[in-house]
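What follows is one structure encoded as structure tokens, with my remarks underneath.
Taken together, the values in this text are just the output of simple stated rules run on the coordinates, not laboratory data. Remember, it's a predicted structure, so these values are computed and weren't measured experimentally. Cβ placement follows ideal geometry from the backbone for every residue including glycine, while neighbour counts extend to all protein chains displayed.
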Amino acid sequence: MIDREEVLHVAQLARLALSEDEIEPIARELSAVLDHIAKIGELSLDDVAPTSHVVELTGALRPDEPRPCLPREVALAQAPAVGGEGFLVPSPQA
Amino acid sequence: MSDAGAASAPAGNGAGARWEPVIGLEIHVQLATATKMFCGCALSFGEPPNTHTCPVCLGLPGSLPVANARAVHFGLMIGLALGSELAPRSIFHRKNYFYPDLPKGYQISQYDEPLCRGGTLGEVRIHRVHLEEDAAKLVHFGESGRIHGSEQSVVDFNRGGTPLAEIVTEPDLRTAEQAGEWLRLLRTTLRALGVSDVNMEEGSLRCDANISLRPAGSDTLGVKTELKNMNSFRFIERGIKAEIERQRALLDGGGQVVQETLHFDPTTRSASGAPGAISSLRSKEEAHDYRYFPEPDLLPVAIDEQMLADARATMSELPSDRAERLRRELSLSAESAQLLAFRSELADYFEAALAAGADPAPPAQALANWVGGDLSSRLGEGEDPADSRVQPRALAALVGLVAAKTISVGAARQVLDKLVADGGEPAAIVESEGLAAIGGGDELAAIVAAALAANADAAERVRSGNEKAIGPIIGAVMRETKGRADGGEVTRLVHEQLGI
Amino acid sequence: MSGDILELSAAQAIAAVQARELGAAELFAFYRERASRDAGADGEGLNCFTWVADGAPEDVDGPLAGVPLAVKDLFCTRDVPSQSGSRILEGYLPPYTATAVERLTGAGAALLAKTNQDEFAMGSSTENSAFGPTLNPWDRARVPGGSSGGSAAAVAAGLAPWALGTDTGGSIRQPAALCGIVGLKPTYGSVSRYGMIAFASSLDQAGPLTRDVTDAALLLGQMVGRDACDATSLQFPEPIEPPSAERLEGVRLGVPVELRGDVSDAGIEPGVRDAFERALALAEGLGATVVEVELPHAPHALSAYYVLAPSEASSNLARFDGVRYGFRAEDATDLLDMYTRTRHDGFGPEVKRRIMLGTYALSSGYYDAYYGRAQRVRTKLAEDFRTAFEAVDLILTPTSPGVAFGLGEKTADPWAMYLSDYFTVPMSLAGIPAISIPCGLSTDHAGSGPNDDGLPVGLQIAGPAFSENRLLDAAFAFEQALGFNEGAARV
């Protein structure tokens, strides 16, 4: 139900590397799950509104008042790589 | 001064007579709130990197966004100012993609239920206005910072999470100049609202353009490109011009325009030598699939009466309303009213001058002409007259003197030059420079007679009906009087002395 | 006092501390020793814990009187490892603490340990953890359930008096059932999610895992309430009361036809069905009326859930990219390589499966068929429950179709594992509260259990939104009448 090409496309969207011998098994597993999920295709749901929010309230807005920020050392404390005063990463291909 | 709001395509649209450019703008405005869109970090203005962050805007595990009430308030003000329809209920969506300046791996934005829909500003219809959060900043690291063969960048999250209003227009614009002029109107409007600093150099106002061409007279739309990275008004106009030219050349040569995102580089030149080259943003991935879905961590925004009332209460007079008022109350011409109102510093100065109590009082239209014309041109593009040496009261007095015929227009211009250079009072300058008009009386009549005598041929032609020949005679009088004579009075005397 | 300490429920321990019969420090030391012993048992223990405290906190004051609390790994605890059972958060020390935990420690609870879980709360067996599986104290060859398996096993084994877990599709209730203890998932929005490492935002809820219903009420009462840091949190309309009902006089109980035995896709084990039927009979004996109700969309709940939860998860887990914290693959040749290898190496197989599933369901061309549809199923299911609750006060089902299964038994087929949540998922989708209490033993699996008399079966009781007090009362009445020995598996 989901083929090799779709698996590779989805993996790219999700930024997941897949080795060659991982592709087939995951395609099979996902297909099996999708087969079960297809059950929801049986239902007639045309005039039903989707539940986009479980809590039936609105708002919960925050007043525009500053709160304390993290000290830089704390913000950077868990960084795998630090450059100068920031998080170091390989550059995106510009 | 270009004709702001021309709906008909003026000649010289840059695409030749065969093609009509169709331009829409996508503007991002950083809102001038105290804190970020979804967390309580204070907004940063050039602070040291990564000193304005918290678990939310760093995207730490377990953190949750909470929307800024003031940002919503500013969004409503923008919607009201643009005459948009305000959605009774709007929701936030997640826009999912990977980039180092996007800490959560998604941007919280709005998708198919935005805060505002529709509206107009000037001659351009608005498509929508919505709220979202800004990305962080990515800067290149080090001079030759290559590690394992790859270049490195550093991410600074200070800016990440800053509230943005995104304003999208309908493709109603037809020339680069029109786009530039309209963008100035938008900027003035937003500044008048007080919702943003709208400073392109600082990045609080950003503009991308969607550009396509279609055969002149057609009403279908051609393939459009998106042009980014134009961070000044000048570059926007240049960029749009360059892209229109690029598309024209392509289509004239039988090619097709490809839908893509383009980057404008003002520092280089195009193949034809025009300043600013267009290049394709090397897209390492295909068209983004943002996988939008409603943001489950935020509740829908419902607009109630109180929020609307608050938004209306904080709105000051908008440029279009001000222009209307100036026309109505002071009987200014439409062009004058618009010219002043769409550059609020001019209108502010004008109204201050009018209220300054000069005696004799200047007529409103005359004062408007002087503010928008002679004064502006002497001060230079974009200069605020309030910053000049010409006090509003002084200009008002000057215009009053002209209206009372105490001095001629020519003399007044000389006085204005002095005011611009040194400030001061017009009456005193007229006195010290001896610029008082020569009104009626013998002095002027004698000078006119002398001029007629010295220009007998011209005088003869005028007498026989060729009014145009009066030029040299007037010129002679003006030279003699150093411009102080009133032109109308001179003409009258010439006719009188010639017996016509 | 040590033998006695182990017998005390949390409520009883609080009473003892407040009566000065027991010192808070002594209480903490007792459990800390037991927890450390199990954690340091070099593979001989149950593997309930990912971290155990060095010592008791300084002053503990308040209604929870210093009673030690075990907390699921995914709750951020300042400067204490919080990895949500994943390698991708190896060594991660949050700079802040989750609101739910802060409220409890603020009320006097003492942080004892972090408990093991399925990675990112995705699983029904706690076999998906980067820390290895947790074992069920009733039978160490079997799973404790998941994803809050570490919390459930710790309470069942008497290694912690009570624990905090999270429930997205059944992750508190199912392990509670498989470990013979009490687990409650509150109404969605009742407890702040701030600081809970997210799995599925519209479904995740924190809740108690305890020895008895009274302890569950006590813990829940301290956690509920609006939090300014969580926009989806609500003010609970009434205080949570200690339960006291002895009978079920006048209570109308509904049993959904779609979730009964042979009809459901899940295939209930005979021992579970028998225990459930006995519980229904007991209910009638306590004065309740038991009727059938219909939840027409319940058979589609699991399918809808396995679209919605992975979709939200695929987005929530995008932040694990190696940029700001956690694991980063070494020697990345470029940014794309860094992203893809970090996430490949950092995430376990089940997490990767669900990220792929979720990404697919949200992707262009598939949104309407999957995510859009699943959200509509959710609407219908909520309507089904609302209609059912017009006819009955509470709904009863078995918590899980089977008892604790063997380690490795269901790992080969994802859907077989997912079926374990067949009865719990509908309540999660509808956002309504539900509790699981032990209601008996199943002898299906010969010679199992500490005394060879079987493995625990859970009874699930669900109610309308904000009906926690009525839920707890009914559960209490059942509990008193059932007399289940939840201490049977204590080590």
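Brief remarks follow.
- The stretch between C:E33 and C:E90, if pulled fully straight at 0.36 nm per residue, gains 18.0 nm over its current Cα-Cα span.
- Sorted by Cβ density within 10 Å, fewest first, the residues B:H93, A:H53, B:H495: B:H495, A:H53, B:H93
- Normalised by 2.2 N^0.38 Å, where N counts its residues, the alpha-carbon radius of gyration of segment C:299-372 equals 1.25.
- Going from the fewest other Cβ atoms within 10 Å to the most, the residues C:R373, C:R353, B:R461 appear in the order B:R461, C:R353, C:R373.
- Cα centroid separation, segment C:144-173 to segment C:196-270 (Å): 14 Å
- Only lysines eight or more places from B:K405 in sequence, or on another chain, were considered; those with a Cα closer than 25 Å are B:K418, B:K468, B:K482.
- Cα-projected label distance for C:Q235 with B:N229, points at 7 Å along beta-carbon direction, nm: 5.3 nm
- Coupling constants for segment B:191-208 follow from the phi torsions by the Karplus curve (6.51 cos²θ - 1.76 cosθ + 1.60, θ = phi - 60°), and in residue order they are 5, 4, 6, x, 8, 7, 6, 5, 10, 5, 5, 8, x, 7, 9, 10, 9, 10 Hz; glycine and proline get x.
- Peptide C:223-232, shielding by other chains (average Cβ, 10 Å cutoff): 5
- Per-residue HN-Hα couplings for segment C:332-345 [Karplus 6.51, -1.76, 1.60; θ = phi - 60°; Hz; x = Gly/Pro]: 5, 7, 7, 4, 4, 4, 4, 4, 5, 6, 4, 6, 5, 7
- When Rg and Dmax are taken over the Cα atoms of chain B, they come to 29.3, 97 Å.
- Ordered by the count of other Cβ atoms within 10 Å of each Cβ, fewest first, B:C41, B:C57 give B:C41, B:C57.
- Percent of alpha-carbon pairs separated by more than 17 Å within segment C:197-240: 44 percent
- Less than 5 angstrom separates the built amide H of A:F87 from those of B:V155, all sequence-distant by 5 or more or on a different chain.
- Contact order relative to length of chain A, as percent, for alpha carbon pairs under 8 angstrom and 6 or more apart: 18 percent
- Applying the Kirkwood pairwise sum to the alpha-carbon positions of segment B:287-368 produces a hydrodynamic radius of 16.3 angstrom.
- Candidate lysines for bridging to C:K380, where Cα separation is under 23 Å - those fewer than 8 sequence places away on the same chain excluded: A:K39, C:K185
- In summary, the aspartates and glutamates within cross-link reach of B:K137, defined as a Cα separation below 13 angstrom excluding same-chain residues under 8 places away, comprise A:E85, B:E47, B:D101, B:D156.
- For segment C:163-241: rounded, prolate or oblate by the Cα gyration tensor [a/c cutoff 1.5]: oblate
- Added length on full extension, which subtracts the Cα-Cα distance from 0.36 nm per residue, B:D219 to B:R325: 34.6 nm
- Note on chain A: GNM, Cα springs under 10 Å; of A:A49, A:A38, A:A75, the largest mean-square fluctuation is that of A:A75.
- Overall form of segment B:19-310 per C-alpha gyration tensor (a/c, 1.5; a/b vs b/c): oblate
- Between B:R461 and B:A17, the C-beta separation translates, for a Förster distance of 35 Å, into a calculated FRET efficiency of about 0.20.
- Leading residue at positive end of dipole, the protein assembly as shown (Cβ point charges), from B:I167, C:A39, C:A153: B:I167
- Segment C:340-440: radius of gyration and largest Cα-Cα distance (Dmax), Å: 17.4, 54
- Proportion of all alpha-carbon pairs of the protein assembly as shown beyond 62 Å (%): 25 percent
- Mean separation of Cα contacts under 8 Å (6+ apart) over length of chain C, as relative contact order %: 17 percent
- Take every pair of alpha-carbon atoms less than 8 Å apart whose residues are at least six positions apart; their mean separation over the length of chain B yields a relative contact order of 13 percent.
- Tensor-based shape of chain A (alpha-carbon gyration tensor, a/c under 1.5 rounded, otherwise prolate or oblate): oblate
- Intensity falloff of segment C:135-203 expressed as log10 I(q)/I(0), Debye formula with alpha-carbon point scatterers, at q = 0.18 Å⁻¹: -0.64
- When the Cα atoms of segment B:442-498 are aligned to their principal axes, the ranges along those axes come out at 28, 19, 17 Å in descending order.
- Surrounding net charge for B:F342, when Lys and Arg each add one and Asp and Glu each subtract one, Cβ distance under 11 Å: +1
- A Förster distance of 41 Å, applied to the separation of the beta-carbon atoms of B:E431 and B:E123, puts the FRET efficiency at 0.30.
- Note, ³J(HN,Hα) from phi for segment B:350-363, Karplus 6.51, -1.76, 1.60, rounded to Hz, x at Gly and Pro: 4, 5, 5, 5, 4, 8, 6, x, 5, 9, x, 6, x, x
- Calculated FRET efficiency for the pair A:A32/B:D112, C-beta based, R₀ 30 Å, to 0.05: 0.35
- Cross-link pairs exceeding 19 Å in C-alpha to C-alpha distance, out of B:K104/C:K72; B:K95/C:K352; B:K36/B:K104, comprise B:K104/C:K72; B:K95/C:K352.
- Residue list for segment B:115-140, given a label point 7 angstrom along the Cα-to-Cβ vector of B:E170 and an amide N cut-off under 20 Å: B:115-130
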